[in-house]
Protein chains: 2
Amino acid sequence: EHYIICGFSRTGRQIAKEFWAEGVPFVVIDSEVESVQKAQGEGYMAYQGDATLDDTLLRVGIERAICIVAALPSDAENLYTVLSAKTLNPAIRAIARASTEEALQKLQRGGADAVISPYITGGKRMAAAALRPQVMDFVDGILTGADRQLYMEEFLLDPAFCPFVGQTLQKAKLRSQTGGLILAIRRIDGNLIGGPTGETVLMPGDTLICMGTAEQLRSLNQILGPIRSQKLRKPKSS
Amino acid sequence: EHYIICGFSRTGRQIAKEFWAEGVPFVVIDSEVESVQKAQGEGYMAYQGDATLDDTLLRVGIERAICIVAALPSDAENLYTVLSAKTLNPAIRAIARASTEEALQKLQRGGADAVISPYITGGKRMAAAALRPQVMDFVDGILTGADRQLYMEEFLLDPAFCPFVGQTLQKAKLRSQTGGLILAIRRIDGNLIGGPTGETVLMPGDTLICMGTAEQLRSLNQILGPIRSQKLRKPKSS
Ligand SMILES: [Ca+2]
Ligand SMILES: [Ca+2]
């Protein structure tokens, strides 16, 4: 049930910082001794090795990992790592960095579940900061960072645990019971319902995209899946 | 009333793409002939020159521009450009790219209104994709892209035009009138009210962070500031 970060460069360090802030168990792999020492100096579990090799991935427990993040210097290494990881553990979630649009497509074809290109992401963010500064400030403020006032979280509705499946939002009274806001519902068929209304019916397999304070999200988690409610990892304290 | 993009590298190209998709008037500056030709080949207005020089900035109309985006190869050039731009037009909004955390701080101190580091942004995005994939998909889907189903927009409440200033959200009935969702309100003192309720009172100078379809945001814009409602630039069509 751990995460693996491949590459402890600037991007990798930022990823580790985020995982650490949210109390996510993770291990770092880097081929350079100094990078490994730097990671260990931050208190992280780190292992020296070539992340493209099965042997290295097996040593960091790839078979039991939930997610691998490939942030190695080259696109070719990231692709190779994604393929190795998916072969050793087909259920693993793989996130990869791509430096070009071409690499982005190859990594997606190679089986990565999400591919991020810092240039594309950075450019989009700069454009958004230019066009809608308040929206960007707001979104930044709720997505990451340790001392957030508001959070976004996703909840999967499991009919075995959630008492509201089959009810309308109006009947479920999630807003008035918890204060949390349901921004959207992703149906099991992929359909997205943005800004659901009181008449929207909760269905089995729905993913609720919610926004609220730590307290509001904890209480949403409690009432949506009372039995499994310990599963909400974040926010870890307050 | 135009935007200036300095640097037509990978980041700069992405910014231009976003501006173009939203119908924002802009001009590109790049010191390389080939980059300028590439930009012109895309149909963009582009000018060859050194963006750190006052002369170049004056030629692209810095005095009448609303915003300058500095995406030049070096942090030093971006800082210099921000300072030049703010000197020539103190009211201009300046967005800059920084390659390191150190540069980020210097650019902020130099007067940039927003600074984006592709490494930090990319790392945060990769961490978020690992931890909350549905949330990230959702946020990506509403922030950028030409064929979006949902949008986010910000509306400044001007008491001279907005008939609801001083009223509660319940009385203003923005949701039931438009279908648009108010995610948060940024007060004029910087205070953020996340997930405002029916009792929240709209105040002069509030910025409303809203989410909805193109149609819903257009109708919100109409009823929030009926006289100035042509000001909503985005979404440009549909
Ligand atoms: Ca990296
Ligand atoms: Ca660039």
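What to note about this one:
- B:Ile116 vs. criteria free of Cβ contacts under 8 Å to residues at least 60 places away in the same chain, within 19 Å of the chain's Cα centre (by Cα) and within 16 Å of ligand 1 (Cβ to nearest atom): no
- Residue count, segment A:2-39 (criterion: farther than 24 Å from A:Arg148 by Cβ, among the charged types (D, E, K, R) and touching a helix residue (DSSP H, G or I) at 6+ places or on another chain (Cβ under 7 Å)): 1
- Whichever residue in segment A:46-101 is of a type in the set (Asp, Glu) and within 28 Å of B:Ser9 (Cβ to Cβ) and, among such residues, is farthest from the other protein chains (Cβ to nearest Cβ): A:Glu77
- Residue within segment A:134-147 that is within 16 Å of ligand 2 (Cβ to nearest atom), within 13 Å of B:Ala114 (Cα to Cα) and in contact with a strand residue (DSSP E or B) (Cβ under 7 Å, 6 or more places away or on another chain) present: no
- Residue match in segment B:206-214 (condition: modelled with pLDDT of 90 or more, within 11 Å of chain A (Cβ to nearest Cβ), at positive phi and assigned to a loop (DSSP other than H, G, I, E, B)): no
- Which numbered condition B:Ala94 fails, given (1) within 16 Å of ligand 1 (Cβ to nearest atom); (2) touching a Gly at 6+ places or on another chain (Cβ under 7 Å); (3) not charged (D, E, K, R): (1)
- For segment B:35-62, a tally of residues being under 19 Å from A:Gly123 (Cβ atoms), surrounded by fewer than 19 Cβ atoms within 10 Å (Cβ to Cβ) and within 16 Å of ligand 2 (Cβ to nearest atom) returns 2.
- Members of segment A:157-190 found to be crowded, with 17+ Cβ neighbours inside 10 Å, charged (D, E, K, R) and in contact (Cβ under 8 Å) with a residue 60 or more places away in the chain, listed by number: none
- Restricted to segment B:129-143, and to residues there that are within 7 Å of chain A (Cβ to nearest Cβ) and either touching a Gly at 6+ places or on another chain (Cβ under 8 Å) or within 16 Å of ligand 1 (Cβ to nearest atom) (or both), the residue that is farthest from B:Cys210 (Cα to Cα) is B:Ala130.
- Residue check for A:Ala46: under 18 Å from the mean Cα position of the chain (by Cα) and more than 11 Å from ligand 1 (Cβ to nearest atom): no
- Residue match in segment A:148-160 (condition: among the acidic types (Asp, Glu), at pLDDT 95 or above and farther than 26 Å from B:Glu22 by Cβ): no
- Residues of segment B:141-156 satisfying the condition of being surrounded by 18 or more Cβ atoms within 10 Å (Cβ to Cβ), over 22 Å from B:Leu192 (Cα atoms) and without any contact (Cβ under 8 Å) to a residue 40 or more places away in the chain: none
- Residue check for B:Ile193: within 9 Å of another protein chain (Cβ to nearest Cβ) and within 29 Å of B:Ala128 (Cβ to Cβ): no
- Just one residue in the set A:Ala96, A:Ala65, A:Ala70 is in contact with a strand residue (DSSP E or B) (Cβ under 8 Å, 6 or more places away or on another chain), among the aliphatic types (A, V, I, L, M) and over 21 Å from B:Ile120 (Cα atoms); that residue is A:Ala65.
- For segment A:1-27, filtered to residues that are among the basic types (Lys, Arg) and within 8 Å of ligand 1 (Cβ to nearest atom), the residue that is farthest from the other protein chains (Cβ to nearest Cβ) is A:Arg13.
- Near pairs, Cβ below 6 angstrom, 6+ apart or cross-chain, from segment B:1-15 (closer than 15 Å to A:Pro118 by Cβ) to any residue that is in a helix (DSSP H, G or I) and away from ligand 1 (no atom under 16 Å from the Cβ): B:Thr11/A:Gly123; B:Gln14/A:Gly123; B:Ile15/A:Gly123; B:Ile15/A:Met126; B:Ile15/A:Ala127
- A:Gly179 falls short on exactly one of the conditions (1) within 11 Å of chain B (Cβ to nearest Cβ); (2) at negative phi; (3) at pLDDT 90 or above, and that condition is (2).
The values are calculated or read from the model by the stated rules, or taken from the named source; none is laboratory data. A quick note: this is a predicted structure, and the numbers were derived from the prediction, not measured. Cβ atoms come from the backbone with ideal geometry, glycine included; neighbour counts cover every protein chain shown.
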